[in-house]
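Data first, discussion second: the structure below is written as C-alpha cells.
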Amino acid sequence: MKKLHYYQNIRKNEVIVFATLTLFCFLLLLIRAKVTQSVFFFFLIWNLFLAFIPYLISFFLFTSVTFQERRFLRIGTLLVWLLFLPNSFYLLTDFVHVNKFPDVPFWFDLVLVSSFSITGFALGLFSIRTIEKIIQLHYSKVQSKIMLFCILYLTAFGIYLGRFLRFNSWDLLTNPIELFASCVDCLFIPDVQNFTLGFGTFLLVLYFVTASFISKNNNV
C-alpha cells in the first residue's frame, strides 16, 4: 500500500494544541461554576467528549496499517467515524444557550461556548482531513471528492437530527427504527433541506479553506 505521510511530522503538535484548548475550556467552565454556583454548562464536557471520538477514530485508522489494508475493516471503521462526526460540529449549536442567564455577563458565556465550539470544529476538520488522505489511497481523485461532499452534507443532516429532533449517535443501536423513520420523514421537509444545504455548504467552504491552508504550510 502507498505509504501515508500525512502530518507525521506534526502529530505531536496536534496533541499539544488540542490539550491546550481543552484545558482552557475546562478552566472557563470551572470559573463560571465557582462564581455562579451553577453547573448548567457542564453538559459541554460531554459534548466535547463526543467531539473527540471521530478525531480519535481517524487517528486510529491513520496509524493502523491492518485496518487500512483490509477493506471490510476500513469501511466499517469509516462508517463508525461518520456516525460520530456530527458531534464535532454540533457544539456550534450550543450557542442557543447563550444570554439565558442575566446574572452572568453575556460576553463570558459567549467566550465559554465559543471555546468549546472552536475546539470541536478543529477536531472535526482535522479528522476529516485525515480521513480524506486515507480515502485518496484507495479511490480515484473524483471518487474521493464525491465521498468528501457526501460526508460534509451527511454531517450537516446529522447535526439537524441532533439539535432539533434530539437524536444522538447511540440511537442507531438503541432506537434504530424511530431514527430511520424520522430520517425518511425529514427528507421531504423544506426546513430540513435548507438547513442541510446551508450548514453543509458552510462546512464545505470552511473545510476547503482550512485544508488549503494546511497543505500550503505543510506541503501536504
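Relative contact order for the chain: 23 percent, from Cα pairs under 8 Å spaced at least 6 residues apart, divided by residue count. For segment 131-187, the extents of the C-alpha atoms along the principal axes are 36, 21, 17 Å, listed from largest to smallest. Summarising the amide proton neighbourhood of residue 167: residues at separation of 5 or more, or on other chains, whose placed amide H is nearer than 5 Å comprise 162. In angstrom, the C-alpha Rg and Dmax of the chain are 18.3, 58.
Converting phi to 3J(HN,Hα) with the Karplus coefficients 6.51, -1.76 and 1.60 and the offset θ = phi - 60°, segment 64-76 yields 9, 5, 4, 5, 6, 7, 8, 4, 4, 5, 5, 5, x Hz in sequence order, with x at every glycine or proline. Note on the chain: lysine pairs with Cα distance below 29 Å, sequence gap of 8 or more or different chains, count 20. Hydrodynamic estimate: the Kirkwood radius of segment 97-220 over Cα pairs, inserted into Stokes-Einstein at 25 °C and 0.890 mPa s, corresponds to D of 146 µm²/s. Counting only protein heavy atoms and a 1.4 Å probe, the chain has 55 square angstrom of accessible area per residue. Using every pair of distinct Cα positions in segment 24-136, the Kirkwood expression returns a hydrodynamic radius of 15.3 angstrom.
With a Cα-only, solvent-free Debye model of segment 32-84, what are the log10 I(q)/I(0) values at q = 0.21, 0.24 Å⁻¹? Debye intensities relative to I(0), on a log10 scale: -0.74, -0.86.
Within the chain, which is the longest segment containing none of the trypsin sites (Lys or Arg not before Pro) that sit in a DSSP loop and have at most 12 other Cβ atoms within 10 Å? The longest such stretch corresponds to 4-99. To put it simply, the accessible area of the chain at a 1.4 Å probe is 71 percent carbon and sulfur.
The values are calculated or read from the model by the stated rules, or taken from the named source; none is laboratory data. What you see is a predicted model, and the numbers here were worked out from it, not measured in a lab. With ideal geometry, Cβ positions are generated from the backbone for all residues, glycine too; neighbour counts draw on all protein chains shown. To get the accessible areas, we keep the full protein, side chains included, count just its heavy atoms, and leave off ligands, DNA and RNA. Shrake-Rupley method; radii C 1.70, N 1.55, O 1.52, S 1.80 Å.
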